[in-house]
């Protein structure tokens, strides 16, 4: 039995993610009309929904109720990477000098629902934050709180009067922010080459797939970026990772943006910390939601 089939037989519940990733990845080999038809068939798009996103400008984020607030984001250059030394190593490995703070732009877009009652209150429903480097075609996503999901990944149940913004997916919010920075720096958004999604929550399906892929491989407690576990596009492992909402967000970003036509995910890599020295109840509570594993997506041009 091969290692790949051994993994699938050990974790049959992950086959759904593999199949979803394969279906979405197959669309990169189709024309726009055929991909749209295929995604409507598998109910990834609505019956009348087009594949290209109707959200094209940063102003639409504001119209939809998203607010930019970068004050609490420390992730900028060398000073903000102190809490993420493994990300520093990754950036240095792919040729990006993380020390040069001026090359990095932080972003934090938040969505609040404001409910009026006896006391006017506001609840944070969504937050996408991180940093990007337009020169090197880099997006690093730190926090990803989707307004349509609960922390455990289950669908959010909205109270009367609550509404979900039409623009609510990570792929839309983060790309529009990145595109705006590219415009400011006179860089080409099509130069996108690297996407890192950090500290994948232990409550997500992506973490479940990552854990399944690493079991039985004599994996150390910490995987440095130089020893990252890389899975080429088209393999069962890559498809399983890309079939989770965390991985699919990257595929949707490439599929729905005409400016990114011709871009594909070349490979997906796992690196970071599997285990921690959990000594306190607070650590256990914090790590129940935030893990120490990261995903690196290498973006490349389609072969001619």
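The table below lists the values:
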{"item": "Scan of segment 242-265 for residues that are within 11 Å of the chain's Cα centre (by Cα) and outside any loop (DSSP other than H, G, I, E, B), ordered by number", "result": "242, 245, 246, 247, 248, 249, 250, 251, 252, 253"}
{"item": "Residue, modelled with the lowest pLDDT, within segment 266-304, restricted to residues that are within 26 Å of residue 190 (Cβ to Cβ) and over 19 Å from the mean Cα position of the chain (by Cα)", "result": "304"}
{"item": "Qualifying position, being closer than 26 Å to residue 33 by Cβ and buried (at least 24 other Cβ atoms within 10 Å of the Cβ), among 243, 262, 234", "result": "243"}
{"item": "Among (1) under 16 Å from residue 135 (Cα atoms); (2) at pLDDT 65 or above; (3) loosely packed, with under 13 Cβ neighbours inside 10 Å, the one test that residue 102 misses", "result": "(2)"}
{"item": "Count of segment 125-157 residues which are assigned to a loop (DSSP other than H, G, I, E, B), more than 18 Å from residue 90 (Cβ to Cβ), touching a residue at least 12 places away in the same chain (Cβ under 8 Å) and out of contact with any helix residue (DSSP H, G or I) (no Cβ under 7 Å at 6 or more places or on another chain)", "result": "4"}
{"item": "Candidates 53, 31 - the one that is in contact (Cβ under 8 Å) with a residue 60 or more places away in the chain and closer than 27 Å to residue 262 by Cβ", "result": "53"}
{"item": "Qualifying positions in segment 132-147 - within 13 Å of the chain's Cα centre (by Cα) and modelled with pLDDT of 90 or more", "result": "138, 139, 140, 141"}
{"item": "Residue within segment 193-201 that is over 20 Å from residue 138 (Cα atoms) and either under 17 Å from the mean Cα position of the chain (by Cα) or not in a helix (DSSP H, G or I) (or both) present", "result": "yes"}
{"item": "Test: residue in segment 3-14 that is assigned to a loop (DSSP other than H, G, I, E, B) and either out of contact with any helix residue (DSSP H, G or I) (no Cβ under 7 Å at 6 or more places or on another chain) or farther than 21 Å from residue 266 by Cα (or both)", "result": "yes"}
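Table: residues versus (1) closer than 26 Å to residue 225 by Cβ; (2) out of contact with any strand residue (DSSP E or B) (no Cβ under 6 Å at 6 or more places or on another chain).
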position	(1), (2)
150	no, yes
159	no, yes
181	yes, no
194	yes, no
203	yes, yes
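The values are calculated or read from the model by the stated rules, or taken from the named source; none is laboratory data. Everything numeric here is computed off the predicted structure, so don't read it as measured data. Glycine also receives a Cβ, built like all others from the backbone with ideal geometry; neighbour counts cover every protein chain displayed.
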